[in-house]
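K.L.:
What follows is a single structure, and I will ask about it in a moment.
The values are calculated or read from the model by the stated rules, or taken from the named source; none is laboratory data. From a predicted model like this one, the values you see are computed outputs, not experimental measurements. When the accessible area is computed, the model is the full protein with side chains, heavy atoms only, and any ligands, DNA or RNA have been set aside. Shrake-Rupley method; radii C 1.70, N 1.55, O 1.52, S 1.80 Å.
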Amino acid sequence: MKRVVVTGASSGIGEATVRLFRERGWNVVGVARRTDRLEALAADTGAEVFTADLTKQADVDALRDFVRDGGPVHALVNNAGGAFGMASVEDGDPDDWTRMYDVNVVATKRVTSALLPLLRAAIAGGQGAGGQSADIVTVTSIAGHVAYEGGGGYNAAKFAARALVNVLRLELAGEPIRVIEVAPGMVKTEEFSLVRFAGDQSKADAVYDNVPDPLVAEDIAEAIVHAVELPAHVNLDLITIKPVAQAAPHKVIRGELRPRD
Ligand SMILES: NC(=O)c1ccc[n+]([C@@H]2O[C@H](COP(=O)([O-])OP(=O)(O)OC[C@H]3O[C@@H](n4cnc5c(N)ncnc54)[C@H](OP(=O)(O)O)[C@@H]3O)[C@@H](O)[C@H]2O)c1
């Protein structure tokens, strides 16, 4: 059976991705900081879980050991991340910028560096069903492609995450490892905007207010699992997904979508 590590598994896109991989018969290791939520997910889905703060190297080293000791691993989904604040470049808090860079970029680098040898070992050993190739999926954002006012530190971090993915794909060329970027637009998850606005529920709700059918976590999970389950020679190397109501990060339609007269 194939095995995948999914980071940011305690909520939103990561949790939905764990659930879908489990439904598709994968063994899954779900990773995040909140043990209680991970344990509930494990009880519900049968996933393995591991508590780690991925901005800490010691936690990432412990994750690597846990994954290695549990058997071969064929795919990694770097999903943990997020935004803090929506202030202008002029007014933004440098600490928020540092935290965003740390979790969206450096943590992704840490986990990728730690698990790459394990992914290679699974390929070399032909371990597990179809273990002839491996996948590294990273969830960036359309904020990694298009700037928007108030995006400042999040744009900078996600542009950097995208750069990491693009460099990695070049550096791994020649190996049977697909490097896949999933860049979602607006996804209505329980916590993303709540975290961004430091727990202010009314500000978080306003993001999705009157937007017809924003994406939900399950939509992104479908894309991730689909990309990983495609035949090994097919690389959906960049997947951009937006709700129809969103033409760009800064152009979101509120109210009913209908054809022009
Ligand atoms: N929602 C959107 O509109 C949207 C759009 C484009 C891209 N994205 C990206 O998609 C990814 C998932 O977003 P989401 O909407 O599902 O947000 P979310 O519900 O806030 O999920 C973020 C996940 O990351 C984990 N996490 C945060 N910091 C961590 C750390 N230091 N170490 C380990 N885990 C950590 C969180 O768990 P713990 O708190 O338990 O650690 C949580 O499980 C993020 O990278 C986000 O930037 C989201």
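K.L.:
Residue separation times 0.36 nm, minus the C-alpha to C-alpha distance between Tyr148 and Glu256: what's the value? Intermediate results must be reported in sequence, preceding the final value.
P.N.:
On the way: separation 108, 0.36 × 108 = 38.88 nm, distance 2.37 nm.
Additional length available on full extension: 36.5 nm.
K.L.:
Further, regarding this structure: Working with all protein chains in place, sort Glu222, Glu175, Glu90 by solvent-accessible area computed with a 1.4 Å probe, largest first. Don't skip to the end; give the middle numbers.
P.N.:
Details: Glu222 110, Glu175 60, Glu90 165 Å².
Descending accessible area places them as Glu90, Glu222, Glu175.
K.L.:
Another one. Rounded, prolate or oblate: which fits segment 3-250, taking a ≥ b ≥ c as square roots of the Cα gyration tensor eigenvalues, rounded meaning a/c under 1.5, else prolate when a/b beats b/c?
P.N.:
prolate
K.L.:
What is the diffusion coefficient of segment 143-261 in µm²/s, taking the Kirkwood radius over Cα pairs and the Stokes-Einstein relation at 4 °C with a viscosity of 1.567 mPa s?
P.N.:
Working: Rh = 16.2 Å.
In µm²/s, the coefficient rounds to 80.
K.L.:
Okay, next question. Please report the accessible area of Lys251 (heavy atoms, 1.4 Å probe, ligands and nucleic acids excluded) in Å², nearest 10.
P.N.:
Taking all protein chains as shown, Lys251 has close to 120 Å².
K.L.:
For the chain, please report how many Lys pairs fall under 19 Å Cα to Cα, leaving out neighbours fewer than 8 apart on the same chain.
P.N.:
Close lysine pairs found across the chain: 10.
K.L.:
When Rg is the radius of gyration of the Cα atoms in segment 26-118 and Rh is its Kirkwood radius, what does Rg/Rh come to?
P.N.:
Numbers: Rg = 15.0 Å, Rh = 14.5 Å.
Here Rg/Rh amounts to 1.04.
K.L.:
If contacts are Cα pairs under 8 angstrom and at least 6 residues apart, what is the relative contact order of segment 3-250 in percent? Write out the running numbers ahead of the final one.
P.N.:
Values: 470 pairs, mean separation 50.1, N = 248.
Computed value for segment 3-250: 20 percent relative contact order.
K.L.:
Related question: Working with all protein chains in place, sort Ile220, Ile13 by solvent-accessible area computed with a 1.4 Å probe, largest first.
P.N.:
Numbers: Ile220 0, Ile13 25 Å².
Heavy-atom accessible area, descending, gives Ile13, Ile220.
K.L.:
Given the convex hull of the Cα atoms of segment 71-148, what is a quarter of its surface area in nm²?
P.N.:
Working: hull surface 24.7 nm².
Hull-based average projected area comes out at 6.2 nm².
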